[in-house]
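The values are calculated or read from the model by the stated rules, or taken from the named source; none is laboratory data. For clarity, every value in this text was computed on a predicted model and none was experimentally measured. Reconstructed Cβ throughout: ideal geometry from the backbone, glycine too, with neighbour counts over all protein chains shown. The accessibility values were calculated without ligands, DNA or RNA, using every heavy atom of the protein model including side chains. Shrake-Rupley method; radii C 1.70, N 1.55, O 1.52, S 1.80 Å.
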Amino acid sequence: MLIIYIAGFIVCMGLALGLTPLVKKFAIKIGATDVPNARKVHTKIMPRLGGLAIFLAFVLGLLAVLPIIPYEFTPREVNFIKALLCGGGLIVLIGALDDRFELSAKVKLLGQIIAACIVVFGFGITVDFVNIPFNNTYSSLESWIAIPLTIFWIVGVTNAVNLIDGLDGLAAGVSGIAIATIAAMAFVMGNTMVAMLCLLLLGSIIGFLFFNFHPAKIFMGDTGSLFLGFCLALLALLGFKQIAVVSFITPLLIIGVPLSDTFFAIVRRKLQKKPIFAPDKGHLHHCLRELGFSHRQTVLIIYGIAAFFGILAVIQSSAALYEANWVTFVVICIMLFFLQIGAEITGLIGKTKRPVINFFLRMRMKVSQERGSKL
């Protein structure tokens, strides 16, 4: 099985390497290009639609691998794969139309909700339980809660990944790190279906990154960012549904970078009394660039942050295997502390909003004064 999955990973990476130049030519031919403006960091017209290469490589690789897998998937696993392909196909179509015609935010949101409804109503996939990490129990959810919660999760994560797509290779790399984390956890837990999907998708992303890392030759566009966000939403949450050791905090950690950036964007716009969906240059990658980091350095720093979240997710889920719930509490505290400090240092919330750092500075000044008075 492992050999087949590794072969699938290589096949998808090769397909992405071969398909991306063709998609680039196609994007230029139909006019699916990105024009520079005040909010964007690139200075020349760039072809987008690159996510189409990721999607095609993933689907073709999946079709090549499925017939040779010596394992019979359960009806739920088959439904999951169908939901990912059908919902993901609609998401790619919406993203492709936006890359070419620049759809309104409302139209894109409606399309994402329809894709989420396909997953929920078309294939019966919902979040129908909640893990209580400090009580070792699982509580069933009524359908009137489970259905909107699942739709909200899918749409929210899909948009979160789309929001961080602001630098060459950023969204693809962060998504790849999150997917690699899910793959590692799936292997440990024996969830072969999720591991297979993650490896195929990871191969497709890496193949595309050869053309997308700075200086990029093509952008993934909304076609790619929305598709990867949609895949992450399903894989991070529903991929572990049958494993009774993963608490609710794990999927949040796996996609910590896009979710935290989205959260701070909402807080920042509320404090500035701006509409939540109003675009700005206050995202993490913008803030790091303002601090003086180069394009590549900024992307690599965010890769490191994504890897940090992934490590926390692995630690937390591994501890859950041994019912070490105190680890979950420690992980949450560490995550919240570093999120707040990082937001204050980079200015994610605002240039003057630094309550924790100011508190430590006051404490340090107080200690210095006390030592001076003793001397």
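See the values below:
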read-out: Filtered residues of the stretch 168-180 (kept if over 16 Å from Ala57 (Cβ atoms) and either modelled with pLDDT of 90 or more or open to solvent by less than 10 Å² (accessible area, probe 1.4 Å) (or both)); value: Gly169, Leu170, Ala171, Gly173, Val174, Ile177, Ala178, Ala180
read-out: Residue tally, condition over 20 Å from Leu62 (Cα atoms) and modelled with pLDDT of 90 or more, over the stretch 184-212; value: 3
read-out: Helices (runs of 4 or more DSSP H) fully within the stretch 1-102 counting 1 or more residues that are of a type in the set (Ser, Thr, Tyr); value: 2-30
read-out: Test set (1) crowded, with 22+ Cβ neighbours inside 10 Å; (2) touching a Pro at 6+ places or on another chain (Cβ under 6 Å) - Leu49 fails condition number; value: (2)
read-out: Helices (runs of 4 or more DSSP H) wholly inside the stretch 241-314 that include at least 2 residues being at pLDDT below 80 and open to solvent by 40 Å² or more (accessible area, probe 1.4 Å); value: 256-271
read-out: So Gly347, is it at pLDDT 80 or above, surrounded by 15 or more Cβ atoms within 10 Å (Cβ to Cβ) and not polar (S, T, N, Q); value: no
read-out: Residues satisfying the stated conditions in the stretch 350-364, i.e. surrounded by fewer than 16 Cβ atoms within 10 Å (Cβ to Cβ) and modelled with pLDDT of 75 or more; value: Pro355, Val356, Ile357, Asn358, Phe359, Phe360, Leu361, Arg362, Met363, Arg364
read-out: Ile334 assigned to a helix (DSSP H, G or I), open to solvent by less than 70 Å² (accessible area, probe 1.4 Å) and modelled with pLDDT of 75 or more; value: yes
read-out: Which numbered condition Val41 misses (of (1) open to solvent by less than 60 Å² (accessible area, probe 1.4 Å); (2) modelled with pLDDT of 95 or more); value: (2)
read-out: Residue list for the stretch 181-219, filter: of a type in the set (A, V, I, L, M), touching a helix residue (DSSP H, G or I) at 6+ places or on another chain (Cβ under 9 Å) and open to solvent by 10 Å² or more (accessible area, probe 1.4 Å); value: Ala184, Val188, Met189, Leu199, Leu202, Ile206, Leu209
read-out: Subset of the stretch 209-237 (residues that are hydroxyl-bearing (Ser, Thr, Tyr) and in contact with a Pro (Cβ under 6 Å, 6 or more places away or on another chain)); value: none
